[in-house]
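The values are calculated or read from the model by the stated rules, or taken from the named source; none is laboratory data. Computed from a predicted model, the values in this text were never measured in an experiment. Positions of Cβ are backbone-derived with ideal geometry, glycine not excepted, and every protein chain shown enters the neighbour counts.
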Amino acid sequence: MRYATILFLSMVPCVSVSAISIVYNFRIAQVTKQPIVESADDRHYSIVGLLFDQFQKKYDGVRQNFVGGLAAFIYNFEPYYFRTDFSVSHIKEITEHVTTFSATETDDLLFTLGRNFKLNDKSVMTLSGLFGVPTHEIFTLQHVAFGYGQVGLGIQLDGSYVLCDTHTLLYGVRYIYYVPRKAADDSGNKYTFTIGNLADGLIAYKYNWLSHGIECGYTARSDFGAHISPNLDDTIEKTNYIRNNFYFIYKYRFMIDEVANRLLFNISYGFDSKPKVYGNQYVVTLWASWNVRF
């Protein structure tokens, strides 16, 4: 997501260096790899289609909006699963009531390979490896961007604990390292840049009844260890952040012939507790998803 007009960072220090990624940040512990119907052992494939609208306002007053879609393909071969995610978004940034950037960009391409472990009748755990491939160069030194534009290598551990037939606790932790890469600013100067490391955790509660379900939870995310060489103003301070996010999801399951379907509707609210100067005062995200398992 990049919506900054070409505002020179060295001349306008209040411009934030930022990028978002839906494939990485859609949710740390995606429950979509769990079967839509628990008895669907003969259904190995899942397709996810998702539409999203994310609006964020920074502490300096800059407003950014990302509207787009995500597609995912999941192959389950118990106890393993493979998943690939791709997303595209239109970006718009407004500074002091003036549109300073507008463009359509692709997200990084994310591949995930994991293994499920059934610890007992109540607890299931999944260990996953993540590999992100950039689909474009790094634009963060020029304007706000969609997709990080860096190779990402990560590991994720998530799981669930059944309290009773209808109530379940969810949890997850994840760490991703982003490989440094050449990036240019608006003047064409070259740098070696990385957003560093991403670590986050999730705790959530899920309740199901008949074909319906709700899920609410909290995620904490930290981006740290950003590096740029040679040094460029306060780029590092603008890149590292700590974010809090709360979300609520409604789910509805149904069958069409022998195909299992699930609709999901989500609303989330987040804010950056760091940095207070360049971070997001609030981030509101709406998305709707249709999952099919066959």
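For region 181-195, the criterion of a residue being more than 27 Å from SER102 (Cβ to Cβ), in contact with an Asp or Glu (Cβ under 8 Å, 6 or more places away or on another chain) and surrounded by 17 or more Cβ atoms within 10 Å (Cβ to Cβ) is satisfied by no position.
When ILE176, ILE155 are checked against the criterion of being in contact with a helix residue (DSSP H, G or I) (Cβ under 8 Å, 6 or more places away or on another chain) and on the phi < 0 side of the Ramachandran plot, ILE176 stands alone in meeting it.
Taken over region 183-209, the residue count meeting the criterion of being out of contact with any Lys or Arg (no Cβ under 6 Å at 6 or more places or on another chain) and of a type in the set (Asp, Glu) is 2. The single condition from (1) crowded, with 20+ Cβ neighbours inside 10 Å; (2) on the phi > 0 side of the Ramachandran plot that THR219 fails is (2).
Could you tell me which of the residues TYR171, TYR175, TYR161 is modelled with pLDDT of 95 or more, surrounded by fewer than 20 Cβ atoms within 10 Å (Cβ to Cβ) and not aliphatic (A, V, I, L, M)?
Details: TYR171 fails: modelled with pLDDT of 95 or more; TYR161 fails: modelled with pLDDT of 95 or more.
Selected residue: TYR175, the only one of TYR171, TYR175, TYR161 that is modelled with pLDDT of 95 or more, surrounded by fewer than 20 Cβ atoms within 10 Å (Cβ to Cβ) and not aliphatic (A, V, I, L, M).
Scanning region 63-84 for residues that are at pLDDT below 95 and either of a type in the set (D, E, K, R) or not in a strand (DSSP E or B) (or both) gives GLU78, PRO79, ARG83.
Answer yes or no: is there a residue in region 151-165 that is assigned to a loop (DSSP other than H, G, I, E, B), touching a residue at least 40 places away in the same chain (Cβ under 8 Å) and farther than 25 Å from ASN245 by Cα. No: region 151-165 contains no residue that is assigned to a loop (DSSP other than H, G, I, E, B), touching a residue at least 40 places away in the same chain (Cβ under 8 Å) and farther than 25 Å from ASN245 by Cα. In region 210-294, counting only strands (runs of 3 or more DSSP E) that sit wholly within it, the ones holding 1 or more residues that are free of Cβ contacts under 8 Å to residues at least 24 places away in the same chain and under 30 Å from ASP42 (Cβ atoms) span 241-256, 259-274. Listed by position, the strands (runs of 3 or more DSSP E) contained in region 86-149 that have at least 2 residues being β-branched (Val, Ile, Thr) are 98-106, 123-133.
Beta carbons closer than 9 Å, at least 6 apart along the sequence or on distinct chains, pair a first residue in region 62-78 that is over 14 Å from LEU51 (Cα atoms) and in contact (Cβ under 8 Å) with a residue 40 or more places away in the chain with a second that is buried (at least 20 other Cβ atoms within 10 Å of the Cβ) and among the acidic types (Asp, Glu) for VAL62/GLU93; GLN64/GLU93. Assessment of region 89-112 against the conditions (within 25 Å of ILE214 (Cβ to Cβ), without any contact (Cβ under 8 Å) to a residue 40 or more places away in the chain and among the acidic types (Asp, Glu)) yields no matching residue.
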